[in-house]
Amino acid sequence: MTNHIAFIGVGNMGNPMADQLVKAGKEVKAFDVSPEVIKIAKESGLNVVSTIDELLDGASTVISMLPEGKHVRSLYLGDKGILNKIPKECLIIDCSTIDIETSLELGNESKKLGIKMIDAPVTGGVMGARIGKLNFLVGGSDEAVALAKPLFDIMGQKILHAGVQGSGVGVKICNNMSLGISMIAASESLMLAKRLKMDIKKVHEIIKAASGNNWAMTNYTPLPNLTDGVPSNNKYRPGFTASMMRKDLRLAMDAAQSVDASTPLGKAALEIFSKFCDEGDSDTDYSGISKMIGGDAWN
Ligand code: NAD
């Protein structure tokens, strides 16, 4: 028993999260399926293993950080899934932002095998991951969450326990629907001010202090040179891609449909981000939506 952490999916988020664990003295074995990502992970000093057996043998915790529900499903579940190979005493922490149904299925299948599993998607983005300041939105039993806490404390700043397993992804989906809408709201109001030929720096300062403020306006400002350290200052390099936002808005719309919830702004936000992605900006940071909204007035 090596008692190591098996970290699966070391892309934009997983790499810096695993790195924080290593820096805190944890033994981490990393695994990914993308040769390009594996190369970067090795260059950044992670111990990348090439087989699932090597990854899981003696692991005490499995953390996964994968793009979508279909990836989580194919990794863990079904005939070729790894769930059957995971040691019983292991804790599974799935940090991916995925649909509630897949997360619950993974939780139930794990439970049948006597393995504890929690869902713990994050907010804070790549910047938060790099400095160990993520927020974990967690669903699972008190006992399992307590087991994960020392690792969350290394990778994050807040542990927000939403309720039973599945609640973490539930709250994440609701949060990101609100975020997608607020990013569009911030972009529309700043671009309107630009077209009105107002002093954009003053407008930004005033809205931040007034009732139209939101998180995107203050912390992830979609127009350049208003806030330090945000993707709009760096040609909208992600960050959090527009395609990830589209995925999360789709998750929100599917969830809304499943319970007959009214979400007209969520629906509009999905249409706007889909258009942006379809026009070739899938890999642009989601705050780049301001360019599409601003059109020729953006510059
Ligand atoms: P990413 O695409 O950069 O990384 C995901 C990695 O998973 C990739 O390297 C991919 O090769 C790997 N992968 C896929 N299937 C695999 C499998 N079966 N086995 C091993 N590896 C596999 O994505 P990301 O930006 O790191 O995002 C990961 C998750 O975190 C997503 O659900 C996203 O919505 C969420 N998230 C991202 C951000 C952000 O700012 N990027 C912020 C919050 C939440």
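The values are calculated or read from the model by the stated rules, or taken from the named source; none is laboratory data. Note that this is a predicted model, so its numbers are computed, not measured. A quick note on method: Cβ atoms are made from the backbone with ideal geometry, for glycine too, and the neighbour counts reach across all protein chains shown.
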Original post:
For the range 225-237, how many residues are out of contact with any Lys or Arg (no Cβ under 9 Å at 6 or more places or on another chain) and either of a type in the set (K, R) or in a loop (DSSP other than H, G, I, E, B) (or both)?
Top reply: 6
Subject >> Count of the range 210-221 residues which are surrounded by fewer than 21 Cβ atoms within 10 Å (Cβ to Cβ) and of a type in the set (A, V, I, L, M, F, W, C) >> reply: 2
Original post:
Restricting the search to the range 192-225, which residues are of a type in the set (S, T, N, Q) and in contact (Cβ under 8 Å) with a residue 40 or more places away in the chain?
Top reply: T221
Original post:
Any residue at all in the range 64-75 that is aliphatic (A, V, I, L, M), more than 9 Å from the ligand (Cβ to nearest atom) and crowded, with 16+ Cβ neighbours inside 10 Å?
Top reply: no
**OP:** Filter the range 76-91 for residues that are within 14 Å of the ligand (Cβ to nearest atom) and either more than 17 Å from K116 (Cα to Cα) or not hydrophobic (A, V, I, L, M, F, W, C) (or both) and give the result.
**Re:** Y76, G78, K80, G81, K85
**OP:** Output the residue which, of all residues in the range 239-296 that are part of a helix (DSSP H, G or I) and in contact with a strand residue (DSSP E or B) (Cβ under 8 Å, 6 or more places away or on another chain), is surrounded by the most Cβ atoms within 10 Å (Cβ to Cβ).
**Re:** Y286
**OP:** Run I93 past the list (1) closer than 20 Å to N3 by Cβ; (2) of a type outside the set (K, R); (3) not in a strand (DSSP E or B) and report the number of the one that doesn't hold.
**Re:** (3)
**OP:** Tell me which residues, restricted to the range 39-63, are touching a strand residue (DSSP E or B) at 6+ places or on another chain (Cβ under 6 Å) and either within 9 Å of the ligand (Cβ to nearest atom) or among the acidic types (D, E) (or both).
**Re:** A41
Subject >> Single residue of the range 229-255 satisfying the filter (away from the ligand (no atom under 12 Å from the Cβ) and either assigned by TED's automatic domain parsing to the domain that holds G11 or free of Cβ contacts under 8 Å to residues at least 24 places away in the same chain (or both)) that is nearest to C174 (Cα to Cα) >> reply: M253
Original post:
Can you name the condition, by its number, that N175 falls short on among (1) in the same structural domain as L77 (by TED's automatic domain parsing); (2) surrounded by 17 or more Cβ atoms within 10 Å (Cβ to Cβ); (3) within 16 Å of the ligand (Cβ to nearest atom)?
Top reply: (1)
Subject >> Selected residue (only one of K158, K172 is in a strand (DSSP E or B) and basic (K, R)) >> reply: K158
Original post:
Before we move on, is E36 over 18 Å from the mean Cα position of the chain (by Cα) and either away from the ligand (no atom under 12 Å from the Cβ) or not in a loop (DSSP other than H, G, I, E, B) (or both)?
Top reply: yes
Subject >> In the range 222-238, residue surrounded by the most Cβ atoms within 10 Å (Cβ to Cβ) [restricted to those that are among the polar types (S, T, N, Q) and at negative phi] >> reply: S232
**OP:** Would you mention how many residues in the range 110-130 are within 15 Å of the ligand (Cβ to nearest atom) and either polar (S, T, N, Q) or over 15 Å from the mean Cα position of the chain (by Cα) (or both)?
**Re:** 1
